[in-house]
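The values are calculated or read from the model by the stated rules, or taken from the named source; none is laboratory data. Only a predicted model underlies this, so the values are computations on that prediction, with no experimental measurement involved. Cβ placement follows ideal geometry from the backbone for every residue including glycine, while neighbour counts extend to all protein chains displayed.
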Amino acid sequence: MSNSKAVVFDVYKTLIDIESDEQNIETYEFISSWLSYKGLHIEPEDLRRKYRQIAKQEILANNETYPDIDIVDVFNKILITLCNVEKANDIQKDAEEMGLLFRILTTKSLTIYRETVPVLQALYNRKIRLAILSNTQRLFTLPELRKFDIEKYFDCILFSSDVRVSKPSSKIFETLLNAMKIEPQDTIYVGDNLFDDIFGAQRVGMKTVWIDRKKDNAFPSEFEKPNPDKHIKEITSENLLDAILSLV
């Protein structure tokens, strides 16, 4: 067996389960009210429209094949359109608060999978380097890792919002590998999405473990489906740990 030196995890639907709804007008009603306490006024429907518009503009302005944005930039631009010069110095802080509030309001459920901590602890005890590479926002994902007390296990954490690029782009995988100073063949990637996670990781030469949660895993017809090194259908801490260790 080769001696793989690191295991890299996706976050949502891999370590943490989440259900969210960004369309509910009640979210924008609450944020509109919150803004009014700061002397900033916008109707909820206008706020929802502006959020969608600016987020779309940010994506279109990104020339990457698989682009991402930093949601703080979106809320920053919304605030700039609402506030006057005297309040401009507080925009960054307010944009971050607004982003966290948006996350809390749009999250319907957030739970950690029961196999997550036992697997992370077992790998950590074996002194295997652990990392996170996930298509998500640093603003709220880092606090959510802390909420479940699992940030402590990871040597390196990279989110798509950090580099404005999403999986399956090779660029984001290579950024992580360079940051960790590790070769792809010495790395195992664990994720739930066949395209973003397994296809993306294999394309740069990583070994892969696919956590198959039986959800929709639509795969683009223009690409050949990958064969993960390990395919976990019955998801338990024992099965997942055994699959990972078999590749180490």
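Every residue in region 20-47 that is buried (at least 16 other Cβ atoms within 10 Å of the Cβ), in contact with a Pro (Cβ under 9 Å, 6 or more places away or on another chain) and free of Cβ contacts under 8 Å to residues at least 24 places away in the same chain, please.
Tyr28, Glu29, Ser32
Keeping to region 38-47, report how many residues are under 17 Å from Glu96 (Cα atoms) and at pLDDT 95 or above.
Residues that pass the stated criteria total 1.
If we keep just the residues of region 203-225 that are surrounded by 19 or more Cβ atoms within 10 Å (Cβ to Cβ) and not aliphatic (A, V, I, L, M), which is nearest to Ile18 (Cα to Cα)?
Among them, the one singled out is Trp210.
Residues checked against (1) among the small types (Gly, Ala, Ser); (2) exposed (fewer than 14 other Cβ atoms within 10 Å of the Cβ); (3) in contact with a strand residue (DSSP E or B) (Cβ under 8 Å, 6 or more places away or on another chain):
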position: Ala55; (1), (2), (3): yes, no, no
position: Asn63; (1), (2), (3): no, yes, no
position: Phe75; (1), (2), (3): no, no, no
position: Asp94; (1), (2), (3): no, no, no
position: Glu97; (1), (2), (3): no, no, no
position: Arg126; (1), (2), (3): no, yes, no
position: Ile132; (1), (2), (3): no, no, yes
position: Thr141; (1), (2), (3): no, no, yes
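Looking at the structure I just gave you, is Val119 in contact (Cβ under 8 Å) with a residue 40 or more places away in the chain, among the aliphatic types (A, V, I, L, M) and assigned by TED's automatic domain parsing to the domain that holds Asp162?
Here the answer is yes, as Val119 does meet what is asked.
Among helices (runs of 4 or more DSSP H) lying entirely in region 1-85, which contain 2 or more residues that are within 24 Å of Arg164 (Cβ to Cβ) and not assigned by TED's automatic domain parsing to the domain that holds Thr187?
By residue number, 44-60, 71-82.
Identify, by number, the condition in (1) in contact with a Ser or Thr (Cβ under 6 Å, 6 or more places away or on another chain); (2) free of Cβ contacts under 8 Å to residues at least 12 places away in the same chain that Lys127 doesn't meet.
Condition (1) is where Lys127 drops out.
Could you please let me know if Asp90 is among the acidic types (Asp, Glu), assigned to a helix (DSSP H, G or I) and at pLDDT below 95? Spell out how you get there, then give the answer.
Details: among the acidic types (Asp, Glu): yes; assigned to a helix (DSSP H, G or I): yes; at pLDDT below 95: yes.
So Asp90 passes the test.
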